[in-house]
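Below is one structure, written out as C-alpha cells; comments come after it.
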Amino acid sequence: METTLREIARIVGGTIDGNPDTVISGLAGIQDAGSGDITFVANPKYEKFIEGTGAAAIVCAPDIAAPGKNLLKLENPYLAYAKLLRFFNPPPRQPGTIDERAAVGKNVHIGKHVTIYPFVTVGDDCVIEDGTTLFPHCFIGDGVTIGQDTLIHPNVTIREGCVIGKRVIIHPGTVIGSDGFGFAKDGPQYCKIPQIGNVRIDDDVEIGAGNTIDRAAIGTTWIQRGTKTDNLVHIAHNVVVGEDTVLVAQVGISGSTKVGSRVTLAGQVGVVGHITIGDDVMVGAQAGISGSVPPGQIVSGSPHMSHRTWLKASRSYEKLPEMRKTVHALKQKVQELESAIKHIQEDND
Amino acid sequence: METTLREIARIVGGTIDGNPDTVISGLAGIQDAGSGDITFVANPKYEKFIEGTGAAAIVCAPDIAAPGKNLLKLENPYLAYAKLLRFFNPPPRQPGTIDERAAVGKNVHIGKHVTIYPFVTVGDDCVIEDGTTLFPHCFIGDGVTIGQDTLIHPNVTIREGCVIGKRVIIHPGTVIGSDGFGFAKDGPQYCKIPQIGNVRIDDDVEIGAGNTIDRAAIGTTWIQRGTKTDNLVHIAHNVVVGEDTVLVAQVGISGSTKVGSRVTLAGQVGVVGHITIGDDVMVGAQAGISGSVPPGQIVSGSPHMSHRTWLKASRSYEKLPEMRKTVHALKQKVQELESAIKHIQEDND
Amino acid sequence: METTLREIARIVGGTIDGNPDTVISGLAGIQDAGSGDITFVANPKYEKFIEGTGAAAIVCAPDIAAPGKNLLKLENPYLAYAKLLRFFNPPPRQPGTIDERAAVGKNVHIGKHVTIYPFVTVGDDCVIEDGTTLFPHCFIGDGVTIGQDTLIHPNVTIREGCVIGKRVIIHPGTVIGSDGFGFAKDGPQYCKIPQIGNVRIDDDVEIGAGNTIDRAAIGTTWIQRGTKTDNLVHIAHNVVVGEDTVLVAQVGISGSTKVGSRVTLAGQVGVVGHITIGDDVMVGAQAGISGSVPPGQIVSGSPHMSHRTWLKASRSYEKLPEMRKTVHALKQKVQELESAIKHIQEDND
C-alpha cells in the first residue's frame, strides 16, 4: 500500500513539518524503519534515535525539532501509531456469504455483506445487521440481535434473547447469556431460580476469549459502550459495567454489582455482589473488593484499602516476623525496667 | 397462563388466608404487581408495601396480617417465589428430534423425546436417556451415559467414558473429562501419566459456563447430587465433591481433594490437593485452603485461618505501617528509659 | 496384552532380579495386584506390602531386597510406573481419515494418517503433518501449521497464522491466537491496536482445557518445548515461556513477560507484564509476582517475597490482632515508666 505523508495526516491528524508529498508505504519501529516507512516517537527515551533513523517520516510530539526530517507533529503519537497500524493492517475482507453448511433458523433478518461460516447455528427470530461476521462453531440463540460490523469469533455461545451492538468484537470460546447463579434454599438443597433476563452488550465493546457473562435473573446484565474485557473474565447476573471500562484477565464480578465508567480492574481482581464501584476507580491486581468504592479512588488489597495504604502495609508485611521479635524483646525489657524501677523506689523509700 | 390461588397453593404449599378462587395470571414484584399478579414478601423491609400493592395475592410468612388481602402463608416465601417463577416461566419445550446434521456414532441408545441439535457429535456406545437435550456444537465422547431430562448447552465437551446423571444442567463452553494434570519427572522433563479414569456427575447437579472438570488418573472424579458450580470453576483429577455443595465462580480445587456436603467455597478460592474439607464448611472469597478443614468451620484468608481471626487480622493489616512506627518509637523510648535508670542507679550507688 | 518381565525391562530400563520370563499382563497397585500383574513401589511407606503382594513382579528402587520375588530395579520407579501405564493403556488408534462433514479450505497440506473428525474447520493454506488428529468442532484458522502426532481436542480454536509443534496435546475449549489486549488511549476511549503477531507452541507441549493464549501484538507469543499448562491458564501477548515449565491451573501471565525454563507457577498465580522470571524459579499458589525474579528462587505472597519470609510472615499474620494489643499495652506501660522515672528524678534532685 503506497500513500503520502499528506494522506497520513488526513487519517491521524497533526501538522506536517517537511514534505507532505513524501511517499509512505509502511510502518516500522524507529531503529528498523527504512526508506518508505513512517515511524513514531511516543516515549522521550527514543528521541535520540530520530537523528539516525532511515524512516521517510516521523510521527512525534509537537515540541520535537529535527531539521531535515519529515515530521508529523501531534499530541498523542502512540494513538497515531495505533491508527497507522490499523491503516497498514486492515482486517481481512470477509466473503459476505452465508455458507450452506450453517444452520440458520426461521424468520432471521440478515443484512448486507453478512458472513456466516460453516457450522454456525443461528436460532429463530434473530437479526444480524450489515457487515457482521459469524465465525465457525458459533451458537446464536433464538431472538438474538447483533448490530453492524460486529465480529463473533469461533466457538462463541450467545444464548437466546441477548442484544449485541455495533462494531463489537467477541473473542473465541466466550459465553454470553448463560444462566445466572441463582438458587433458593429448600432445606439443605437448592431450588433453581429461572434466569429469565438477558445480556446487552453496547457498541464498540470488545470481549476477550473464554469470558462468561451471565444473563440477568430478571432484567439485563449490561456492558456499556466502549468497555474492553481481557480473557477469562467472569461477569455475574444483573451486573452493569459502564462505558470505557477495562477489565483485565481473570477478573470476577459478583451479581448485581454496578461498575462505573472509565474504571480499571487489574488482573484477577474479585468483586463482591450488590455494590457500586464509582467512575474512574482503579483497582490493583488480585484485589478483593468487599464493599462500594467512591468515584476516583485507587484501591488495592484483599479486602481492599487505599492503594497508598496497601503499598505501605504490604511493605510492612514481610517485616512482620522481625517486628514480632522486636515486640517480644520490648516486652521483656519493659518488665526488666519495671522491676528495676521498683527496686529503686523501694531503695528510695 | 391463568390459574387460581388454590392451584398455586397446591404447587408451593402454604395456607390461604382469603379467597382461594382468586384468579392468578402472573408473578411480579410487590411495587409493580397489578390485578391478576401474585407477589411475595421474603424480606421484612418490604412488608410496608403490602397495604398499597395492587397484587391479587401475596405470598408471605405465617405471621403477616393484612385484612382484606389474599394471602398465601408459608415458612419460606423466597423458595415459593423461585417455584412460582419456574411455574410461570417453564423452559421452552424441545422438539424431541435428532437433527440430520448431527453426527451420531454406532451403538448409541437414544431414549424418548431426546433432542439432538445440528452439529452435535455423539460417539459410539453412548446412552442418552429420555427427555435429554444436546444443544449445538456439543461433543459427547465414546461410551458416555447421560441420564433423563438433562440439558447440555452449546459448545460443551464431555469426553469418553463420563457418566452424567438425571436433571443435570451443563452450561456452555464447559469441559468434562479432560486429562488430569499428571506427570512423572524424567530428569528435567515431564513424562505424561495417562489419565484413564472418568468423571461422574450425579443427579440434579448444575455446572456453570466455562468449567473444566478433569477425569481421574485412575478411578473417578465425582460431583455428587445437587451440587452447583458457578462459572470458570476448575476441578482437578480424582476430586470428590459432596452433595448440595456450592462452588462460586473461579474456584480451583487441586487433585485428590475431598470436599464435603453442604460446603460453600466463595469466589476465587483455591484449594490444595490431597486434603479433606468437611461437611458444612464455609470458605470466604479468595481464600487459599492449605490443609484439611474440619466439618462446620468458617474460614478465610490465604493461607486460611478461622474467619473470625481473619476479620480481625485483616483489619489490623492496614494499621501495620502505623504499628511499625509505634514499635520503632517504643524501642527508642525504652532505650532512653534504660539509660535514665542506669544514671539513677549510678547516682544512687 | 501379554508380555514378559524381560520385555518390560526393555521398555522402562532397570535390572531384573528374578525370572525374566515371568509373564506380565497388567499393571496394578501393590495391594490390588494379582498373578500376571506388575506393580511398583515408589514411596518407602509401601515397602511393607512387598512381602504380601500377589504381583508377578515389582518395580522398585535398587536397594530393595525381597528374596523369592521378581524385582525390576531402577532409579525412578514412579517414572517407570508412568511408562508402564502408557504401555498398558495406549491411546486409541485414530481412523486416519478426513470426515466428509469437515470443512477443509484451499491449499491445505494433509500428511499421512491424519484424522479430521466431523464439524472441524480448517482454513486455507494450512499444513497438518502426519499422524495428527483434529477432534470435532475445532477451528483451525488460515495458514496454521500443526506438526506430527499432535492431538487437538474438541472445541479448540487456533486462529490464523499460529504454529503448533510435534506431539503437542491441546485440551478441549482452549483458545490459541486470540487478539492480545492492546489499546491506545484516545481521550477517555480506547483505540484497538491490531494484534498482527502469532502464537508458536513447540514440540511436546501440553496445553490444558479452557486456556487462552493470545497472539503477539507484533512478533510471537512463544511456549517452548516440553512445557505443560493446567486448565484455565491465561497467557497474554508476547509472553515467552521456556522449556519444561509447569503452569498450574488458573495462572495468569501479563503481556511481554519472559518465564524461564523448568519454572513452576502454582495455582492461581498472577504475574505482571514486562518482567523476567528466571530459570528454575518456583512460585507458591496465589502469589502475585510484581517484578522480575532471579533464577532459582522460591517465592510466595502477593506482592511476592522469598518463600521462607512469606512462611514466617503469614504465620505472624494471624497473630496481628494480639500483637496490636501487646503494642498498645507496651505503650501505656512505657508511659507509666516514664512518669515513674520522672518522679524518681525529681525526688533525687
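When a/c is below 1.5 the answer is rounded, else prolate if a/b is larger than b/c, else oblate, so apply that to segment B:208-349 with a ≥ b ≥ c taken from the square roots of the Cα gyration tensor eigenvalues.
Prolate is the answer for segment B:208-349, as a/c is 1.5 or above and a/b outweighs b/c.
Restricting to bridges with both residues inside the protein assembly as shown, how much of the DSSP beta-bridge set is antiparallel, in percent to the nearest 5?
15
Over the whole of C:229-241, what's the average partner chain Cβ count within 10 Å per residue? Rounded to a whole number, please.
Mean partner-chain Cβ count within 10 Å for C:229-241: 5.
Between B:ASP124 and B:ARG308, 0.36 nm times their residue separation minus their Cα-Cα distance comes to what?
60.9 nm
Among the GluC sites (Glu not before Pro) in segment A:55-135, which ones are in a DSSP loop with at most 12 other Cβ atoms within 10 Å of the Cβ? Mind listing them?
In loop regions of segment A:55-135 (DSSP not H, G, I, E or B), the sparsely surrounded GluC sites (Glu not before Pro) are A:GLU75, A:GLU100.
Mind listing the label-point distances from C:GLY36 to the same position on all other copies, shortest first, one decimal in nm, points 7 Å along Cα→Cβ?
Computed spacing set for this position: 7.2, 7.2 nm.
Between segment C:30-50 and segment C:58-108, what's the alpha-carbon centroid distance in Å?
When both Cα centres are located, 19 Å separates them.
Looking at C:LEU311, C:VAL334, C:ILE344, which one has the Cα that reaches farthest to the positive end of the dipole of segment C:310-349 (charges on Cβ: Lys, Arg +1; Asp, Glu -1)?
Checked the options; the winner is C:LEU311.
How far is C:GLU2 from itself in the other copies, in nm, if each label sits 7 Å out from Cα along the Cα-Cβ line, shortest first?
So the label point of C:GLU2 gives 7.8, 7.9 nm to the other copies.
Per residue of C:191-198, count partner chain C-beta atoms within 10 Å of its C-beta, then hand back the mean as an integer.
Mean partner-chain Cβ count within 10 Å for C:191-198: 5.
Considering the dipole of the protein assembly as shown built from charges on the beta carbon (Lys and Arg +1, Asp and Glu -1) around the Cα centre, which of A:ILE277, B:VAL168, A:LEU151 is farthest to its positive end?
Farthest towards the positive end: A:ILE277.
Over chain B, what is the mean sequence separation of C-alpha contacts under 8 Å (at least six apart), divided by residue count, expressed as relative contact order in percent?
That works out to 6 percent.
Could you let me know the centre-to-centre spacing of segment A:120-144 and segment C:137-174, using Cα atoms, in angstrom?
Segment A:120-144 and segment C:137-174 have Cα centres spaced 25 Å from each other.
Mean residue ellipticity at 222 nm from the helices of the protein assembly as shown, using -39,500 (n - 2.57) per DSSP H segment of n ≥ 4 over the full residue count, to the nearest 500 deg cm²/dmol?
-5500 deg cm²/dmol
To the nearest 20 Debye, how big is the dipole of segment C:3-88 about its Cα centre, given +1 on the beta carbon of each Lys and Arg and -1 on that of each Asp and Glu?
The calculated dipole for segment C:3-88 is roughly 180 debye.
Quick check: Cα centre of segment C:242-256 to Cα centre of segment C:260-281, how many Å?
Distance between centres, Cα-based: 6 Å.
Take each of the peptides B:239-247, B:20-28, B:151-159, average the number of other beta-carbon atoms within 10 Å over its residues, and list them starting from the highest.
Order by mean packing, descending: B:151-159, B:239-247, B:20-28.
What residue among C:GLY111, B:THR132, A:THR115 has its Cα farthest toward the positive end of the dipole of the protein assembly as shown, where the charges are +1 on Lys, Arg and -1 on Asp, Glu, each on the Cβ?
Value: B:THR132.
Of the DSSP beta bridges with both residues in segment A:3-88, give the percent that are antiparallel, rounding to the nearest 5.
40
Once you've got the Cα coordinates, tell me which of A:LYS185/B:LYS45; A:LYS83/C:LYS258; A:LYS319/C:LYS325 are over 23 Å apart.
A:LYS83/C:LYS258
If you restrict to DSSP beta bridges whose two residues both lie in chain B, what percentage is antiparallel, to the nearest 5?
Around 15 percent of the beta bridges assigned by DSSP in chain B are antiparallel ones.
Once you order the gyration tensor axes a ≥ b ≥ c over the Cα atoms, which shape class does segment C:3-88 get: rounded for a/c under 1.5, otherwise prolate or oblate by comparing a/b with b/c?
rounded
Give, as ranges by residue number, the residues of segment A:91-105 whose backbone N falls under 20 Å from the point 7 Å along Cα→Cβ of A:ARG10.
A:91
Taking the label point as lying 7 angstrom from Cα along the Cα-to-Cβ axis, what are the distances from A:LYS106 to the corresponding position in the remaining copies, in ascending order and in nanometres?
So the label point of A:LYS106 gives 3.8, 3.8 nm to the other copies.
What FRET efficiency, computed as 1/(1 + (r/R0)^6) with R0 = 22 Å and r the Cβ-Cβ distance, is obtained for C:LYS112 and B:HIS109, rounded to the nearest 0.05?
Efficiency, rounded to the nearest 0.05: 0.05.
Which parts of segment C:306-330 would a label at A:LYS331 reach, counting a residue when its backbone N lies under 20 Å from a point 7 Å out along Cα-to-Cβ?
Residues passing the 20 Å test: C:312-330.
When the label point is put 7 Å from the Cα of B:THR264 along its Cα-to-beta-carbon vector, which residues of segment B:273-290 have a backbone N closer than 14 Å?
In segment B:273-290, the label zone of B:THR264 (backbone N under 14 Å from the point 7 Å along Cα→Cβ) covers B:280-286.
Based on Cβ point charges of +1 for Lys and Arg and -1 for Asp and Glu, what charge dipole magnitude is obtained for the protein assembly as shown about its Cα centre, in debye rounded to the nearest 20?
With only Lys, Arg, Asp and Glu charged at Cβ, the dipole is about 680 debye.
Starting with the highest mean, order B:273-282, A:54-63 by the number of other Cβ atoms within 10 Å, averaged over the residues of each peptide.
So the peptides B:273-282, A:54-63, ranked by packing, come out A:54-63, B:273-282.
Taking the Cα centre of segment B:175-253 as origin, work out the dipole magnitude from +1 charges on Lys and Arg Cβ and -1 charges on Asp and Glu Cβ, in debye rounded to 20.
Value, rounded to 20: 340 debye.
Quick check: from the Cα gyration tensor, does chain B come out rounded (a/c under 1.5), prolate or oblate?
oblate
Ignore the peptide's own chain and count Cβ atoms of other chains within 10 Å of each Cβ in B:267-277; give me the average, rounded.
Taking the mean over all residues of the peptide, I get 4.
Any read-out appearing in this document is the output of simple, stated calculations on the displayed coordinates, not a laboratory observation. Model, not experiment: these values are computed from the prediction. In this analysis, Cβ positions are derived from the backbone assuming ideal geometry, glycine residues included, and neighbour counts consider all displayed protein chains.
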